[in-house]
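The values are calculated or read from the model by the stated rules, or taken from the named source; none is laboratory data. Source: prediction; values computed, not measured. Here the Cβ positions follow ideal geometry from the backbone for every residue, glycine too, while neighbour counts run over all protein chains shown.
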């Protein structure tokens, strides 16, 4: 055979006899991806801005109504950075109550949800109650004249979503959802700034890889047991399912970085591969999205191994017409345990940016929104669109059984 295909096959066969060194030498450096000299690589560390040292501009009082997930502590921290003062809390799980009281021994503990929701001294209610109960708490909070910030997922059914939207229209209150993988990750915040500056042109697609760990260093993933996770975590009615739960972070990012105001779920699927003892749990899921300004793909799983050293190797890839951005949010695997790693490549150079020193704006902006009745910290429509998309993705997902 003397055509191009045959010639290439003959060459590779001959090269194999000569060894890998000969193969390497037979190709130009560019073909072997060794052409590092063709571009420059720059490393930089973002410096802390004046905002990091500023005292909060506003002051509000807030309460906690439900703390089933420990995300509540990050939510409290964000609001406190903005000038919030925690004054009252309620929970119904003994272990969560004990842990909370050890951290906040001077906070008044309520005997019921209503005691928090009707407290006239507070302007904001936070909740990380079981996921399917959060919307109900938020609706009551808004009807009592308070704004609301939920852990993700903030809503787990289309019926609850409709009720939330109706209550917002009636009360003019804020229903926030803490999509912390964008709002509370410094590299993700800086990526948003770069996108707005046009650093990579028009964003075409986001790809989110979001692995999580069921029980860090506990063997929970392999054993399929509860470990440190509560029973509700394994019940899809209560936690919302993997696409609705974890995926809410990623769909929020898809909408935000592409700027999409309308979007559809093209396809979605879920599976329970390694937890047969919990048939209502899903440990793998993915989905494809199409928005009016871009595309998205999301992969979610509960298979992070102990060797990583943290709860998940979260990655975000943002493709633009003039470049791309990669975030290694929580570790630079096998290089450094430090998170907030941002890589950007444009037509001039490749850059690595350490984002750990920058300030997080969400808390101060959210408190300012409560005082000024604005939506700077989080666009209300986009917030609820993300919730709607993941509910639909979960509801319409193909349930797949993997053999083996």
Which residues, counting only those in region 134-167, are crowded, with 19+ Cβ neighbours inside 10 Å and farther than 18 Å from residue 251 by Cβ?
137, 138, 139, 140, 141, 142, 146, 147, 148, 149, 167
In a helix (DSSP H, G or I), farther than 21 Å from residue 259 by Cβ and without any contact (Cβ under 8 Å) to a residue 40 or more places away in the chain: does that describe residue 162?
yes
Is at least one residue of region 158-175 closer than 30 Å to residue 305 by Cβ, out of contact with any strand residue (DSSP E or B) (no Cβ under 7 Å at 6 or more places or on another chain) and at pLDDT 95 or above?
no
Here are some residues: 394, 382. Which one is within 18 Å of residue 195 (Cα to Cα) and in a helix (DSSP H, G or I)?
382
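One line per residue, one yes/no per condition, for (1) touching a residue at least 24 places away in the same chain (Cβ under 8 Å); (2) within 23 Å of residue 370 (Cβ to Cβ); (3) touching a helix residue (DSSP H, G or I) at 6+ places or on another chain (Cβ under 9 Å):
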position: 42; (1), (2), (3): yes, no, no
position: 59; (1), (2), (3): yes, yes, yes
position: 83; (1), (2), (3): yes, yes, yes
position: 90; (1), (2), (3): yes, yes, yes
position: 96; (1), (2), (3): yes, no, yes
Residues to consider are 309, 296; find the one that is under 27 Å from residue 339 (Cα atoms) and crowded, with 20+ Cβ neighbours inside 10 Å.
296
Count of residues meeting criterion [over 21 Å from the mean Cα position of the chain (by Cα) and either under 13 Å from residue 68 (Cα atoms) or not assigned by TED's automatic domain parsing to the domain that holds residue 90 (or both)] in region 127-136:
0
